[in-house]
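For reference, the structure discussed in these notes is given below.
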Amino acid sequence: MSPAEQRGRTFAINNCARCHSVDRITQSPLKIAPPFRILRLRYPIENLGEALAEGISTGHPTMPEFQLKPDQIHDLLSYLKSLE
């Protein structure tokens, strides 16, 4: 795992794993939260960068709004790509 992937994994564990599965095998703790490993089936991973920079917000109240810095985006996208 590259340093960027490791930083992205750490970010995902610290900020996302409460609801999403952030690995290749477990189910998401929150049933409506998609596992990170299937995000690529819904969205091109490269296209998520803009949403992460602008602030991801969803139509349900359980997901906090995130606005990441460019280095955080790079790291998280690197990690998401490693799950493919």
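Residues that are of a type in the set (Gly, Ala, Ser) and exposed (fewer than 11 other Cβ atoms within 10 Å of the Cβ): does the stretch 24-32 have at least one?
no
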**Q.** First in the stretch 42-68 and closer than 18 Å to Ala17 by Cα, second anywhere and of a type in the set (Val, Ile, Thr) and at pLDDT 80 or above, Cβ under 6 Å, 6 or more apart
**A.** Leu52/Ile73
Q: Could you check, for the stretch 14-36, whether at least one of its residues is of a type in the set (Lys, Arg), within 17 Å of Lys81 (Cβ to Cβ) and touching a residue at least 60 places away in the same chain (Cβ under 8 Å)?
A: no
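Is it fair to say Gly55 is at pLDDT below 85, farther than 12 Å from Ala12 by Cβ and touching a strand residue (DSSP E or B) at 6+ places or on another chain (Cβ under 8 Å)?
Spelling it out, Gly55 is indeed at pLDDT below 85, farther than 12 Å from Ala12 by Cβ and touching a strand residue (DSSP E or B) at 6+ places or on another chain (Cβ under 8 Å).
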Q: Those residues that are closer than 16 Å to Lys81 by Cβ and surrounded by 11 or more Cβ atoms within 10 Å (Cβ to Cβ), I need them from the stretch 47-59; list them, please.
A: Leu48, Gly49, Ala51, Leu52
Q.
Considering only residues that are closer than 11 Å to Ala12 by Cα and touching a Lys or Arg at 6+ places or on another chain (Cβ under 6 Å), which ones fall in the stretch 69-84?
A. Asp75, Tyr79
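Being part of a loop (DSSP other than H, G, I, E, B) and surrounded by 11 or more Cβ atoms within 10 Å (Cβ to Cβ) is the filter here, so list the residues in the stretch 33-45 that pass it. Walk me through how you get there before you give the answer.
Residues of the stretch 33-45 that are part of a loop (DSSP other than H, G, I, E, B), as a first pass: 33-35, 43-44.
Within the stretch 33-45, Ala33, Pro34, Pro35, Tyr43 meet the criteria.
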Q) Could you count how many residues in the stretch 1-25 are among the hydroxyl-bearing types (Ser, Thr, Tyr) and either within 9 Å of the chain's Cα centre (by Cα) or farther than 16 Å from Arg37 by Cα (or both)? A) 1
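The values are calculated or read from the model by the stated rules, or taken from the named source; none is laboratory data. Note that this is a predicted model, so its numbers are computed, not measured. Note that we place each Cβ from the backbone using ideal geometry, even for glycine, and neighbour counts take in every protein chain shown.
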